[in-house]
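Worksheet: the structure to be examined is printed underneath.
The values are calculated or read from the model by the stated rules, or taken from the named source; none is laboratory data. On a predicted model such as this, the values are computed, not experimentally measured, just so you know. Cβ coordinates were reconstructed from backbone atoms using ideal geometry, including for glycine residues, and neighbour counts include every protein chain displayed. Surface areas here come from the heavy atoms of the whole protein model, side chains and all, with no ligands, DNA or RNA. Shrake-Rupley method; radii C 1.70, N 1.55, O 1.52, S 1.80 Å.
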Amino acid sequence: TVTYYFANNAQNTSSSSLKITTDDSTSMIVNTGNAAFEISKNPFSLFKKVTVNSSVITDSYDNGIELKDANGEIYNLKNSIPSSIKIIEQGPLMLTLQIDGTLKLSNSKLMSDYILYVYFYANKSYVKIDYTIGNHAQAMVTDTGSYDVFNYYGANSITFSYLTFVVSLNKNAN
């Protein structure tokens, strides 16, 4: 019988090219070997800057998730500082971040909570993103005493016309 132990906050001591090269109060940079992905923490920009093989692909605070509600109002990540950014997996081949926060308008009106999982791969110039939105507002109680969870336009429901990922590409990128 072999016993394995898992440790939280353990340092990655492998000789992999996949590393977090910067992690401070303003930004985090993940270097995969072929690419460097800068995440701006305040204002929040999921990929503020991406460099692939020394060529800057994008450099914009506007990069990130954007959601347009049924009234035409646009909520995006740059209006909200993430509540947390956690490393949930760090190995020689893959590094995974979990980013939690709330989509807001520029006037701080809240739309929904979100959870982003961002997967970085050693020696790759691409990432995988899983995005989950959550409505944690209490469902309204109808006059019959039941919750209006099937009323898609109820008082605390979320209705939106699109959800997209915005990236402003550098015109000079190869």
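Structure summary
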{"read-out": "Percent carbon-and-sulfur accessible area, the chain, ignoring ligands, DNA and RNA, probe 1.4 Å", "value": "49"}
{"read-out": "Reachable aspartates and glutamates from residue 109, criterion Cα separation under 14 angstrom, eight or more residues apart if same chain", "value": "69, 73"}
{"read-out": "Rough spin-label spacing in nm, given labels placed 7 Å along Cα→Cβ, for residue 25 and residue 130", "value": "3.3"}
{"read-out": "From the coordinates shown, semi-axes √(5λ) of the Cα gyration tensor in Å corresponds to which of [x] 34, 23, 13; [y] 26, 20, 14; [z] 29, 21, 17", "value": "[x]"}
{"read-out": "Rounded accessible area per residue of the chain, 1.4 Å, Å²", "value": "61"}
{"read-out": "Electrostatic dipole magnitude of the chain [Cβ: Lys, Arg +1; Asp, Glu -1; Cα centre; debye, to 20]", "value": "540"}
{"read-out": "Fluctuation leader among 51, 21, 96 - the chain, Gaussian network, Cα springs under 10 angstrom", "value": "21"}
{"read-out": "In Å², nearest 10: area of residue 19 left accessible to a 1.4 Å probe", "value": "80"}
